[in-house]
Amino acid sequence: MLKISVLLILSVGVLLAGDKVLKLSHQWPGGGKDVRDKMVRIVADEVEKANVGLTIKIYPSKSLYKPKEQWSALVKGRLDMTALPLDYAGGRHPEFSATLMPGLIKNHDHAKRINNSQFMKDIKKVINDAGAKVLADSWLAGGFVSTKNCILEPDDVKGQVIRAAGSNFEEMLHGAGASISSMASSEIYTALQTGVLDAANTSSGSFVSYRIYEQVKCLTAPGENALWFMYEPILISMKTWKKLNSKQQEALMKAGQKAETYFEKEAKNLDDKLVSTFKKAGVKVVYMSKEQADKWKKIAAETSYKSFATKVPNGAKLIEEARSVE
């Protein structure tokens, strides 16, 4: 009888400790329509398979928090997890804007090398100190679109109102003669449709997910000389992390690694899908040459790089660390 009672108590204890629900918020379309949504669903599925008493409930399409509200909610412990463009938190931690810096990363192979660099170690220290932890790395390539003309040379943006993802791109594009309008990527479609924007840049995934091909004439696609790369990790609140037991933490880390491996394979496919989707919609597709990309980088060095190095603690060091990765 005593043995049965002990087993019953243990069973009840397991039941009480189990089924802890973690809320995960992101801004992209759900249902596996966006690769970042697929990425977080891999984490949720793998954690469920691990049978460690964790369930991850996903809130896509800004249904729980607006895009730029997620970081604050995460570090305060109101939100457990997110898939977030880290630059969105650049207002609170200006170092994060280095993860959306024109020309620092040129292609997917380069991005993979950056993940293991001192640059990313320094960025992750800021993330940890602020109250969050990275479960999976992901870098998305991106490009430019316009309702007027193809954007290849800096002169091509003169006189256009453009949505530039992040302050560093804004400074570079302003230096090239563009006017700037800031907004989340989820708002680009309507802004192009209503004439608020003439042009925009964002990730390959967002260009397709938000059907931007319906509103533009030309796409400058990422290739070997992309200017646009953005870091969009899966993050967990440190407050949440510390409440989990070691098996739950281990399950999350393994799930995050599986999601990261999946994304590494899918990142280039996103660019291929971008090009094929836009071509099918009748949009002209062009690529930047190394010489054209270098012209942009020269403007970036005089604007965004210089400003970042001056205003951000360790800004010059971060830029140099990233540029030293071949």
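Only the coordinates and a few stated rules stand behind these numbers; no lab work does. Since the model is a prediction, treat every value here as computed from it, not as a measurement. Note: ideal-geometry Cβ built from the backbone for every residue, glycine included; neighbour counts use all protein chains shown.
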Inter-centroid distance (Cα atoms) of the range 146-181 relative to the range 43-94, Å | 31 Å
Computed over the chain: relative contact order in percent, which uses C-alpha pairs under 8 Å that are six or more apart = 25 percent
Can you give the helix-only mean residue ellipticity at 222 nm for the chain, where every DSSP H stretch with n ≥ 4 adds -39500 (n - 2.57) and the sum goes over all residues, rounded to the nearest 500 deg cm²/dmol?
-> -14000 deg cm²/dmol
Between the helical axis of 246-280 and the dominant principal axis of the chain, each derived from Cα atoms, what acute angle in degrees is found, rounded to the nearest 10?
-> 30 degrees
One would report the antiparallel percent of DSSP beta bridges in the chain, rounded to the nearest 5, as 55 percent
Rg/Rh of the range 228-326 (Cα atoms, Kirkwood Rh), to two decimals, equals 1.10
Starting with the highest mean, order 254-267, 227-240 by the number of other Cβ atoms within 10 Å, averaged over the residues of each peptide.
-> 227-240, 254-267
Calculate the spin-label point distance for SER179 paired with LYS247, positioning each point 7 Å from the Cα along the beta-carbon direction, and give it in nanometres.
-> 6.1 nm
Longest to shortest principal axis, alpha-carbon extents of the chain, angstrom = 84, 43, 30
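Work out the length of the dipole vector of the range 15-319 about its Cα centre, built from +1 on the beta-carbon of each Lys and Arg and -1 on the beta-carbon of each Asp and Glu, and round it to the nearest 20 debye. All intermediate terms of the calculation are to be shown ahead of the outcome.
Working: 45 positive and 33 negative charges, 138 e Å.
Rounded to the nearest 20 debye, it is 660 debye.
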With r as the distance between the Cβ atoms of GLN193 and SER72 and R0 = 45 Å, compute the FRET efficiency 1/(1 + (r/R0)^6) and round to 0.05.
-> 0.90
Give me the lysines in straight-line cross-link reach of LYS148: C-alpha distance below 22 Å, same-chain residues under 8 apart excluded.
-> LYS158, LYS217, LYS279, LYS280, LYS284, LYS295
Taking the alpha-carbon centre of each part, the distance from the range 231-245 to the range 289-326 in Å is 30 Å
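Taking K and R as +1 and D and E as -1, what net charge do the other residues with C-beta under 11 Å from the C-beta of ASP45 add up to?
Numbers: positive: LYS38, ARG41, LYS49, LYS258; negative: GLU46, GLU48.
Net charge in that neighbourhood comes out at +2.
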Assuming R0 = 30 Å, what is the FRET efficiency of ASN269 and LYS20, from their Cβ-Cβ distance, to the nearest 0.05?
-> 0.30
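Given the pairs LYS62/LYS268; LYS76/LYS317; LYS33/LYS106; LYS76/LYS268; LYS254/LYS298; LYS76/LYS258, which span a C-alpha to C-alpha distance of over 32 angstrom in this model? Write down the numbers at each step before the final one.
Numbers: LYS62/LYS268 26 Å; LYS76/LYS317 29 Å; LYS33/LYS106 26 Å; LYS76/LYS268 35 Å; LYS254/LYS298 41 Å; LYS76/LYS258 27 Å.
Over 32 Å Cα-Cα: LYS76/LYS268; LYS254/LYS298.
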